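The values are calculated or read from the model by the stated rules, or taken from the named source; none is laboratory data. This is a predicted model, so every value here is computed, not measured. Note that we place each Cβ from the backbone using ideal geometry, even for glycine, and neighbour counts take in every protein chain shown. Heads up: the accessible areas ignore ligands, DNA and RNA and are worked out on the full protein's heavy atoms, side chains in. Shrake-Rupley method; radii C 1.70, N 1.55, O 1.52, S 1.80 Å.
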Amino acid sequence: MSDQQADIDRIKECSRALKRIRDTFADRGNPAESFGVDEIGSQNILDAFDEFGSNWKIHRKRLTEELEKLHGVTKAAAESYEKIDHELAEVLRAEDRNTTEGAKK
């Protein structure tokens with residue numbers, strides 16, 4: 001018998017948290033996208049934000065893809081652990097019934 005244990009609730013929460021983080025990343029763009037020189041105060045700063053926004057868009061896409069993968073893996077793991085747990089419980093209950101019925105004979 002295995003010594004391993006899985007905290008299914010913790011795995012589910014991890015999956016939900018990864019989904020929330022992924023959604024947050026997907027919705028965030030250039031922080032100065034809707035601003036011009038008048039609001040920012042300097043063309044140099046505006047240019048820096050534009051460069052950051054371009055780089056951030058590329059990296060944000062990669063991060064959201066990886067977060068989506070992690071979300072899927074943790075969600076599948078929780079579902080698999082639950083399924084195995086229920087199947088094992090059914091087998092043990094059936095075995096217990098068979099043992100109990102055999103003892104009565």
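According to the Cα-based calculation, Rg over Rh for the chain is 1.42, with Rh computed by the Kirkwood formula.
Rounded to the nearest 10 degrees, the angle from helix 43-104 to the longest Cα principal axis of the chain is 10 degrees. Cβ-Cβ distance of Val91 and Asp23, R₀ of 30 Å, FRET efficiency by 1/(1 + (r/R0)^6): the value works out to about 0.15. In this rough spin-label picture, where each label sits 7 Å from Cα along the Cβ direction, the Glu82-Glu51 distance is 4.9 nm. Compared with the dominant Cα axis of the chain, that is its longest principal axis, helix 8-27 is turned about 20°. Per residue, the chain exposes an accessible area of 82 Å² to a 1.4 Å probe, with every protein chain left in place.
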